[in-house]
Amino acid sequence: MGIFDSLFKKEAKREDISSILPKEIFEAGALELKDIIAPSALKVSPKEINLGEKILRSFFVISYPRYLAEGWFSPIINMDKVFDVSIFVHPIETSKVLRQFQRKVAEVQSQIHTREEKGLVRDPMLDVAYQDLENLRDQLQQAQEKLFDVGLYITIYGDSADELDKVESEIKSILEAKLIYVKPALFQQEEGYKSTLPLGNDELNVHSKLNSSPLSSLFPFTSFDLTSDKGILYGINRHNSSLILFDRFSLENYNSVTFAKAGAGKSYATKLEILRTLMFDTEVIVIDPEKEYEYMAEATGGRYFNISLNSEHHINPFDLPVPGPDESAANVLRSTIINLVGLFRLMMGGLTAEEDAIIDRAITETYALKDITADSDFRNIEPPLMSDFELVLSGMEGGESLAQRLSKYTKGTWAGFINRPSNVDINRKFVVFSLRDMEDELKPIAMYIVTHYIWNTIRKELKKRLLVIDEAWWMMKSDDTASFLMGLVKRGRKYYLGVATVTQDVGDFLKSPYGVPIITNSSIQMLLKQSPATIDELQKTFNLTDEEKYLLLESDVGEGIFFAGLKHVAIKNIASYTEHQIITSDPGQILAIKKAKQDAAEDQDEALMAQREKLKQAALNPNAGEKGTQ
């Protein structure tokens, strides 16, 4: 029995082991969250930590100046680097601090008296320290201030030691310029890293004593803001909910560019700026290829011109601007001839060098027929028409074929648009030129002519103006129109003109050799929601970080990044109810607004009809009221 008992026990033990082993093996092979987020390798050295493929280095602040200005930590928070920041605030009991202050004040006061007794020169540092201690003690006693042990730790990340050295040097230079000194956590890198992890553990325990006022200046959630004492409201800063108030006419130039995919809210944001700009004594002119600004012009008392082949509004491209006080007639005429050569190059689908010269000479002779020369005063002379130019061109050697190519603009279906004297008056605070009904083939030509006419008008009188070119990619399709647009952007400041370029086709805009110069000559850039197809090119052009790139991809309608000078913030456009009713481009909302207006008009007509019927009945039965009273 003893042998069987022992065998039975051994067999039972084997069964228990066999039942436990698979469970242990399974648990050993199961992945947990810590296995997933843990780095592949970890190496701790005195100066840094190798964490997988990254290298990190931790620092702590050891010294502060006597005064800390508001927002002094903002340049660090807004650095375009990868780093972690931890701020540990440990309150100190006021009664305990006051006892220590009393001893410290007595020590400093004793040192001052000792120096006075010895006849030594007064030490300014001791005097300042005594005053500071006394002031702080008074504030602590009155509960106006509290004292804290504050630990400020920074951990930076990089792909190499050289990159870390560069970031370290940048952080030190920013802080040391403000008399704030940091030191690396030598032989304490592990503690430093753990202190900056989102665990709330202060393992470094390197503290400086700060009272409430300087501690409040360390508020970490600070970012660049664009709030000024004048300007218009562009939107809300998505980082800190501050207002983005800015005046484009306060920058080195007054130009802007707005890029967004279709439906991202670029026209909405532009209309919002226009509506608010009109309140500040600024004239606004809009080139509108899609008839989006008609209702806005009507609501604001502006002037709306529908430019098309059958339109009653005409612009003569041969119009000449009045020479300014610092311009000669010869320079104005020469500039106009150069622009007209560019126009004819666009109208005829390109010119050879020989044809270019013929066109140039023909334009000069056409003006001469009207006694318009470099030496004449042409302010009161009627300019020539396109048909006059065709007549001169057909009589020149080598100009016959050019005249035939031009005939469709003078005698054909397109004659009504160009071959007429100008009858457009833009002497109004808000003016819109709509090109939606113009044929697509003619739109670049029409935009060139309209923009040239606007430019001539702007040069007549110095006023604060904003020129908005919506769907500017139409002008970027041709080198001549793009070159003219770039000229406007570069020269506009001289005439107190801001040019706002708005487009959805970022690819075509940047492909043009004039695209990037227009961007670089625009002090304001607004990037709204972008498509994945163009975001990489946009990131390269605007030097965006990966975080900013993904922000543009994930933004909602009316959200993006607003650049002004050297600052940029995440923006969200907002409008009041009344503004929204005026500027909305949503077809559904526009139909709803029109239906509401129509219903209101019908109700008013019904009320009017009822009133007329009542008066009619009263006229037919003049004594009805008296009988009813009796």
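Laid out as a table, the results:
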{"read-out": "Test for SER387: is it touching a residue at least 12 places away in the same chain (Cβ under 8 Å), assigned to a loop (DSSP other than H, G, I, E, B) and of a type in the set (Ser, Thr, Tyr)", "value": "no"}
{"read-out": "Qualifying positions in region 288-333 - farther than 28 Å from LYS408 by Cβ, assigned to a loop (DSSP other than H, G, I, E, B) and among the aromatic types (Phe, Trp, Tyr)", "value": "TYR293"}
{"read-out": "First in region 332-346 and closer than 16 Å to MET386 by Cα, second anywhere and among the β-branched types (Val, Ile, Thr), Cβ under 6 Å, 6 or more apart", "value": "ILE337/ILE363; LEU340/ILE363; VAL341/ILE359; PHE344/ILE359; LEU346/ILE445"}
{"read-out": "So PRO39, is it modelled with pLDDT of 90 or more and either out of contact with any Gly (no Cβ under 9 Å at 6 or more places or on another chain) or assigned to a loop (DSSP other than H, G, I, E, B) (or both)", "value": "no"}
{"read-out": "Single residue of LYS266, LYS230, LYS261, LYS271 found to be at pLDDT below 85, closer than 30 Å to GLU292 by Cα and of a type outside the set (A, V, I, L, M)", "value": "LYS230"}
{"read-out": "Test result for LEU136, assigned by TED's automatic domain parsing to the domain that holds PRO198, in contact with a strand residue (DSSP E or B) (Cβ under 7 Å, 6 or more places away or on another chain), outside any loop (DSSP other than H, G, I, E, B) and surrounded by 11 or more Cβ atoms within 10 Å (Cβ to Cβ)", "value": "yes"}
{"read-out": "Whichever residue in region 537-553 is exposed (fewer than 12 other Cβ atoms within 10 Å of the Cβ) and among the charged types (D, E, K, R) and, among such residues, is modelled with the highest pLDDT", "value": "LYS540"}
{"read-out": "Residue in region 147-167 that is touching a His at 6+ places or on another chain (Cβ under 7 Å), acidic (Asp, Glu), within 30 Å of PHE59 (Cβ to Cβ) and in contact (Cβ under 8 Å) with a residue 40 or more places away in the chain present", "value": "yes"}
{"read-out": "Which listed residue is under 33 Å from the mean Cα position of the chain (by Cα), over 30 Å from GLN404 (Cβ atoms), part of a loop (DSSP other than H, G, I, E, B) and hydrophobic (A, V, I, L, M, F, W, C), from ALA269, ALA262", "value": "ALA262"}
{"read-out": "Those residues of region 259-292 which are in contact with a helix residue (DSSP H, G or I) (Cβ under 7 Å, 6 or more places away or on another chain) and not hydrophobic (A, V, I, L, M, F, W, C), in sequence order", "value": "TYR268, LYS271, PRO289, GLU292"}
{"read-out": "Residues within region 513-526 that are surrounded by fewer than 22 Cβ atoms within 10 Å (Cβ to Cβ), out of contact with any Phe, Trp or Tyr (no Cβ under 6 Å at 6 or more places or on another chain) and of a type outside the set (A, V, I, L, M), tallied", "value": "6"}
{"read-out": "Residue match in region 145-154 (condition: farther than 30 Å from ALA38 by Cα, loosely packed, with under 14 Cβ neighbours inside 10 Å and of a type in the set (Asp, Glu))", "value": "no"}
{"read-out": "Close pairs (7 angstrom Cβ cut-off, 6 or more residues apart or separate chains): assigned to a helix (DSSP H, G or I) in region 86-107, of a type in the set (Asp, Glu) anywhere", "value": "VAL105/GLU134"}
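Table: residues versus (1) modelled with pLDDT of 90 or more; (2) in contact with a strand residue (DSSP E or B) (Cβ under 6 Å, 6 or more places away or on another chain); (3) crowded, with 19+ Cβ neighbours inside 10 Å; (4) not polar (S, T, N, Q).
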| residue | (1), (2), (3), (4) |
| --- | --- |
| ILE445 | no, no, yes, yes |
| HIS452 | no, no, yes, yes |
| LEU462 | no, no, no, yes |
| VAL468 | yes, yes, yes, yes |
| ALA472 | no, yes, yes, yes |
| LYS494 | no, no, no, yes |
| GLY498 | yes, yes, yes, yes |
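A quick yes/no check of all residues on (1) buried (at least 21 other Cβ atoms within 10 Å of the Cβ); (2) outside the structural domain of VAL286 (by TED's automatic domain parsing); (3) under 43 Å from the mean Cα position of the chain (by Cα):
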{"position": "PRO383", "(1), (2), (3)": "no, yes, yes"}
{"position": "GLU390", "(1), (2), (3)": "yes, yes, no"}
{"position": "GLN404", "(1), (2), (3)": "no, yes, no"}
{"position": "ASN427", "(1), (2), (3)": "no, no, yes"}
{"position": "PHE430", "(1), (2), (3)": "yes, no, yes"}
{"position": "PHE433", "(1), (2), (3)": "yes, no, yes"}
{"position": "GLU441", "(1), (2), (3)": "no, no, yes"}
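Residue-wise test of (1) free of Cβ contacts under 8 Å to residues at least 24 places away in the same chain; (2) under 28 Å from MET438 (Cα atoms); (3) of a type in the set (Asp, Glu).
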position	(1), (2), (3)
ASP360	yes, yes, yes
GLU382	no, yes, yes
GLY395	yes, no, no
GLY399	no, no, no
SER407	yes, yes, no
TRP414	no, yes, no
ASN419	no, yes, no
VAL424	no, yes, no
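The values are calculated or read from the model by the stated rules, or taken from the named source; none is laboratory data. Note that the structure is a prediction, hence the values are computed from the model and not measured. Backbone-built Cβ (ideal geometry, glycine too); neighbour counts: all protein chains shown.
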